[in-house]
Amino acid sequence: EPLYGMSWKKVAIKAGCAVPEPRHSSAMCVVGGANATVALFGGTIDGKAFDDLWFLNTATWEWRTAGTTNGEKPLPRWGHSMHPTPNGFLLFGGKEVEKGPTNYVFLFDAATQTWSRPTLSGTAPSARLYHSAALCGNVLYVLGGEPAQDPELYALNIGNFTWELVSVTPYCPEPRKKAAMCYNAVSGLLYYFGGVQHSSHEFSDDLHIFDPKTNTWTEGKNSGAVPPPRGGHTCVALGQWVIVYGGIGGRNILYTELHHLDVDSPSWFKRKGMGTVPPDRQLHSSTPIGPKQLLIFGGQNDKQQPQNDMFVLDVSGLY
């Protein structure tokens, strides 16, 4: 049933404005930790990979290309992740057309329009795409992906750019790809949901919760309206909520309904949302744009066609 506290809106792009080509498996995040600008990079369509960098003004909903940038720009890729830094954003991993999966780290400085690759130390994760990653303070956690099959959690300190193989207890979730993970600042925990398991190739609906203070994993109780098993979805934290949207499940079923986890319970709720609900999709990009809104872009529909539309979910009514 609809929950009136959650409302979708399709973003209308002004006539004549440039927009990114349709694509899936791109990545996006806010720039510099602010919510006024969102960066989008990469993605793929029909075997072609993109290396274009776009910026979206969330006040006017106008796209612009980055134009000429400085430094070592990432090659075209898909299945990577992007995360805000104080000066711009960080990009990790993804698949390049010629080299295949990578474990490269790139930084983009928004003020100088400069790409760079920091000098890294420590135990880095293997090359991968379709991994799950979440930023907690100045630590980026990375788990799973393709072809990575090691049940290990990695952490990158973006202050000194040191990788660490995190010693966790009492277990680490089974290796999988196309899962989703986010950090919720209210609970101080990371939430890892779904994905395609490497061992069985089956879609998962299990929830795992990580406490970065104790390096401890616990299994979520999965109470309430648990999302069906899926991969290629997104998982975004807004306030006390963890919101799962989209993805693909068994028999190639795509999802558009909203599932949100109350981190205080924790219990799942299923809602349709009001307003202009996005069509079913997977492998889309998503980012919070403030404490009460999230943005989704692109992805692939049930006909495996790439998209370049945008929708905003507003959860103000939940507060």
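The values are calculated or read from the model by the stated rules, or taken from the named source; none is laboratory data. Note that the structure is a prediction, hence the values are computed from the model and not measured. So basically every Cβ, Gly included, is an ideal-geometry build from the backbone, and we count neighbours across all protein chains shown. Areas reflect the complete protein model, heavy atoms only, side chains present, ligands, DNA and RNA absent. Shrake-Rupley method; radii C 1.70, N 1.55, O 1.52, S 1.80 Å.
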Q. Under the Kirkwood approximation applied to all pairs of distinct alpha-carbon atoms, what is the hydrodynamic radius of region 1-104 in Å?
A. 15.0 Å
Q: Take the alpha carbon atoms of region 1-68, find their center, do the same for region 74-152, and report the distance between the two centers in whole angstrom.
A: 19 Å
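Can you work out the FRET efficiency for the pair V19 and T119, with r the C-beta to C-beta distance and R0 = 35 Å, to the nearest 0.05? Before the final figure, lay out the partial values.
Numbers: r = 36 Å, r/R0 = 1.04.
That pair, V19 with T119, gives E of 0.45.
As a test of reading the structure, rank E146, E21, E202 by solvent-accessible area (1.4 Å probe, protein chains only), most first.
E202, E21, E146
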Q: Starting at the first residue of region 157-174, write each ³J(HN,Hα) from the Karplus equation 6.51 cos²θ - 1.76 cosθ + 1.60 with θ = phi - 60°, in whole Hz, x for Gly and Pro.
A: 7, 7, x, 10, 6, 10, 7, 9, 7, 6, 7, 10, 9, x, 7, 10, x, 4
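Given a 1.4 Å probe, how much area per residue of the chain is accessible, in Å²?
Numbers: 13020 Å² over 319 residues.
Ligands and nucleic acids excluded, the figure is 41 Å² per residue.
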Q. Using +1 on the beta carbon of Lys and Arg, -1 on that of Asp and Glu, and nothing else charged, what's the dipole of the chain about the Cα centre, debye to 20?
A. 500 debye
Q | Under-5 Å amide H pairs with G71, H placed in peptide plane, nonlocal only | A | W115
Q) Amide H neighbours of D309 under 5 Å, counting only residues 5+ apart in sequence or on other chains, H built in-plane at 1.01 Å? A) G298
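Normalise the Cα radius of gyration of the chain by 2.2 N^0.38 Å (N = residues in it) and let me know the number.
Working: Rg = 18.1 Å, N = 319, 2.2 N^0.38 = 19.7 Å.
So the chain has a normalised radius of gyration of 0.92.
Give me the one-decimal Kirkwood hydrodynamic radius in Å for region 194-243, with the sum taken over alpha-carbon pairs.
So the Kirkwood estimate lands at 12.4 Å.
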**Q.** Solvent exposure ordering (accessible area, 1.4 Å, most first) of V105, V186
**A.** V186, V105
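Using C-alpha positions alone, give me the convex hull volume of region 153-262 per residue in cubic angstrom. Walk me through the numbers before you get to the answer.
Values: hull volume 12.7 nm³, N = 110.
Measuring per residue, one finds 115 Å³ for the Cα hull of region 153-262.
By DSSP, what percent of the beta bridges with both residues in region 62-156 are antiparallel, rounded to the nearest 5? Before the final figure, lay out the partial values.
On the way: 28 of 30 bridges.
Roughly 95 percent of the DSSP beta bridges within region 62-156 come out antiparallel.
Over the chain, what is the relative contact order in percent, taking alpha-carbon pairs closer than 8 angstrom and at least six residues apart? Each step should come with its number before you reach the end.
Numbers: 919 pairs, mean separation 55.2, N = 319.
Once divided by the residue count of the chain, the mean separation gives 17 percent.
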Q: With a bin width of 5 angstrom, please list the P(r) values of region 99-186 as percents of all Cα-Cα pairs, from the 0 bin to the one holding the largest distance.
A: 3, 13, 21, 25, 21, 11, 4, 1, 0
Q. Roughly to the nearest percent, how much of the accessible area of the chain is carbon and sulfur, given a 1.4 Å probe?
A. 50 percent
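Please work out the FRET efficiency for the pair D205 and L75, using the Cβ-Cβ distance as r and a Förster radius of 30 Å; give the result to the nearest 0.05.
Numbers: r = 35 Å, r/R0 = 1.16.
The calculated FRET efficiency here is 0.30.
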Q | Size of electric dipole in region 195-286: Cβ of Lys, Arg +1 and of Asp, Glu -1, about Cα centre, debye, nearest 20 | A | 260 debye
Q | Listed residue pairs exceeding 25 Å between alpha carbons, taken from K73/K99; K221/K303; K9/K95; K14/K177; K9/K177; K14/K95 | A | K221/K303; K9/K95; K14/K177; K9/K177; K14/K95
